[in-house]
Amino acid sequence: MAKLVRGFKDIIGAQAEILTELESSARKIFKLYGARELRIPTVELKELFVKSTGDSTDIVQKEMYAFEDGGGRTLALRPEGTPGAVRAYIENNFTQAAPVQQFFYIGNMFRAERPQAGRYREFEQIGAELLGNAAPAADAAAILMLADIMKEFGVRNYGVKINSLGCNDCRPAYRRDLINYLSSGKETLCEKCKDRLERNPLRVLDCKIDGPRFAAAAPAQKLCPACAEHFEEVQKLLRGKIDFEIDNSLVRGLDYYTRTVFEFRVGDAAQNAIAGGGRYDGLVKSMGGPDIPAVGWAMGAERAAAARAAAEPKKDFIVYVASMDKTCNEIAFNIMQALRGAGIAAQGGLFDKNIKAQMKQADKCGAAYAVIIGGDEFANNPAALKNLQPGEQKRIMQAALVETLKKI
Ligand SMILES: [Zn+2]
Ligand SMILES: [Zn+2]
């Protein structure tokens, strides 16, 4: 039998529809902020991700879907959107012609993680990249854009955490402090963290095992005056518009972040992040472009959808049309089409089955109402309108059906 590849999933019906709804909400907000769509390829040279996402990250070290193509090139399915977006920005010469750009993308990403509950190897991300603006206003706008999408889509049960990672001037001293602090408890670190302590000490604070034990007493980031001023200004612009919390242990899992980083979480754990991002002022240059600042974020679409579905499960209004006997089939069919024509979702038409089987199907498809044509009083033109939840039924003239259902 044909079988789904482990770690992948089919997205069907309501699960697909909620994603489409999220995409529409995002597009609406992107338009208000002036962000334009960027469609980038699914496949890039593997090297692109090694150099940008960072070779000390889990994504590049363990989770990348890399393969060799027929021409002997090593390619990778994109694990995230930013490297491709920045490549496209540089390669299409925006850096010279029009460096101030706001892009958004909606697309599937791939990570070859060990399959586990709720984690898939292919997932959808919606992301934004604001390029060419070093001002704190860009950081604040990026965060508020994301909050507006959540609001438009209907996710309310989340918290926003922000932090500043500093810049090339002030980060090295912080790294040293952090390595010293963590080294004192080195034997107790998990294997992964022992290994990355020197290379990427920030990630230890992010670790599921070690983070909670070490984060609270970790040395505070000492920002240089320019970084401190930038971070203060970002907070000032956010105050009164959204609730947020400063979290010095927030580091994000990628190498390229500088200054502001942020995360939107449902619940408190880092694994519950539905979106996150930050400033990446050095990335464009490190990828071969000029020295151009940028800030961006990405949202896990499935996670955002799950957050909303959990908060307010929504039921579609469907009317099921059934026919009692052959002589009514055509009228029943015409009523079904008339309902659709009037903007009411209608299902049915299973007229070769008896009425019991048809009503069973009405139940299965989650219909709120059933319209039953035929039976005793059919000659005088009534149809039976049955509310499928409490189950009461009333007779009604066929001609009044559409108007009655519209009112409901
Ligand atoms: Zn600094
Ligand atoms: Zn660890």
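The values are calculated or read from the model by the stated rules, or taken from the named source; none is laboratory data. For clarity, every value in this text was computed on a predicted model and none was experimentally measured. Virtual Cβ from ideal backbone geometry, glycine too; neighbours counted across all protein chains shown.
Based on what the data block shows, is Pro219 surrounded by 13 or more Cβ atoms within 10 Å (Cβ to Cβ), of a type outside the set (Lys, Arg) and touching a Phe, Trp or Tyr at 6+ places or on another chain (Cβ under 6 Å)?
In short, yes.
With of a type in the set (A, V, I, L, M) and surrounded by 15 or more Cβ atoms within 10 Å (Cβ to Cβ) as the only criterion, which of Leu75, Leu32 stands out? I'd like the intermediate steps shown before the answer.
Values: Leu32 fails: surrounded by 15 or more Cβ atoms within 10 Å (Cβ to Cβ).
None of the others qualify; the one that does is Leu75.
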List pairs: first in region 151-163 and in the same structural domain as Glu21 (by TED's automatic domain parsing), second among the acidic types (Asp, Glu) and in a loop (DSSP other than H, G, I, E, B), Cβ under 8 Å, 6+ apart or cross-chain?
Gly154/Glu312; Gly159/Asp243; Gly159/Asp268; Val160/Asp243; Lys161/Asp247; Ile162/Asp247; Asn163/Asp247
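Okay, residues lined up against (1) without any contact (Cβ under 8 Å) to a residue 24 or more places away in the chain; (2) buried (at least 22 other Cβ atoms within 10 Å of the Cβ); (3) more than 30 Å from Arg203 (Cβ to Cβ):
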{"residue": "Ala275", "(1), (2), (3)": "no, yes, no"}
{"residue": "Gly278", "(1), (2), (3)": "no, yes, no"}
{"residue": "Asp281", "(1), (2), (3)": "no, no, no"}
{"residue": "Gly289", "(1), (2), (3)": "no, no, no"}
{"residue": "Ala294", "(1), (2), (3)": "no, yes, no"}
{"residue": "Ser323", "(1), (2), (3)": "no, yes, yes"}
Could you say which residue among Cys193, Cys207 is of a type outside the set (A, V, I, L, M), within 16 Å of ligand 2 (Cβ to nearest atom) and surrounded by 20 or more Cβ atoms within 10 Å (Cβ to Cβ)?
Cys193
Scanning region 326-375 residue by residue, those touching an Asp or Glu at 6+ places or on another chain (Cβ under 6 Å) and of a type in the set (S, T, N, Q) turn out to be none
Counted residues in region 186-209 being at pLDDT below 85 and of a type outside the set (Asp, Glu) come to 8
Pair list, Cβ under 9 Å, 6 or more apart: region 86-110 residue part of a helix (DSSP H, G or I), other residue of a type in the set (S, T, N, Q):
Val86/Ser52; Arg87/Ser52; Tyr89/Thr95; Tyr89/Gln101; Phe94/Gln101
Filtering region 348-394 down to residues that are outside any loop (DSSP other than H, G, I, E, B), among the acidic types (Asp, Glu) and either closer than 16 Å to Thr404 by Cα or at pLDDT 90 or above (or both) yields Asp363
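In this structure, is Ala66 part of a strand (DSSP E or B) and on the phi < 0 side of the Ramachandran plot? Break it down stepwise before answering.
Values: part of a strand (DSSP E or B): yes; on the phi < 0 side of the Ramachandran plot: yes.
When the stated conditions are applied, Ala66 passes them.
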For Pro83, indicate whether it is part of a loop (DSSP other than H, G, I, E, B) and in contact (Cβ under 8 Å) with a residue 12 or more places away in the chain.
no
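It is to be established whether one or more residues within region 103-117 are in the same structural domain as Pro290 (by TED's automatic domain parsing), within 30 Å of Glu229 (Cβ to Cβ), buried (at least 20 other Cβ atoms within 10 Å of the Cβ) and under 27 Å from the mean Cα position of the chain (by Cα). If you could, list the steps in order and put the result at the bottom.
Of region 103-117, the ones in the same structural domain as Pro290 (by TED's automatic domain parsing) are 103-117.
Subset that is within 30 Å of Glu229 (Cβ to Cβ): 103-104.
Of the ones still in play, those that are also buried (at least 20 other Cβ atoms within 10 Å of the Cβ) are 103-104.
Checking the rest, the ones that are also under 27 Å from the mean Cα position of the chain (by Cα) come to 103-104.
Within region 103-117, one or more residues are in the same structural domain as Pro290 (by TED's automatic domain parsing), within 30 Å of Glu229 (Cβ to Cβ), buried (at least 20 other Cβ atoms within 10 Å of the Cβ) and under 27 Å from the mean Cα position of the chain (by Cα).
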Matching option when the condition is surrounded by 17 or more Cβ atoms within 10 Å (Cβ to Cβ) and either of a type in the set (Phe, Trp, Tyr) or more than 16 Å from ligand 1 (Cβ to nearest atom) (or both), among Ala137, Ala147
Ala147
Can you tell me which residue is farthest from Arg156 (Cα to Cα) among those in region 224-258 that are over 25 Å from the mean Cα position of the chain (by Cα) and crowded, with 21+ Cβ neighbours inside 10 Å?
Cys227
Output the residues belonging to region 120-147 that are assigned to a helix (DSSP H, G or I), over 14 Å from the mean Cα position of the chain (by Cα) and not small (Gly, Ala, Ser).
Pro136, Asp139, Ile143, Leu144
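Would region 99-110 turn up any residue that is over 20 Å from Ala298 (Cα atoms), at pLDDT 90 or above and not basic (Lys, Arg)? Please lay out each step first, then the result.
Step one: filter region 99-110 for residues over 20 Å from Ala298 (Cα atoms), giving 99.
Cutting the leftovers down to at pLDDT 90 or above gives us 99.
Imposing the further condition that a residue be not basic (Lys, Arg) reduces the set to 99.
Yes: one or more hits.
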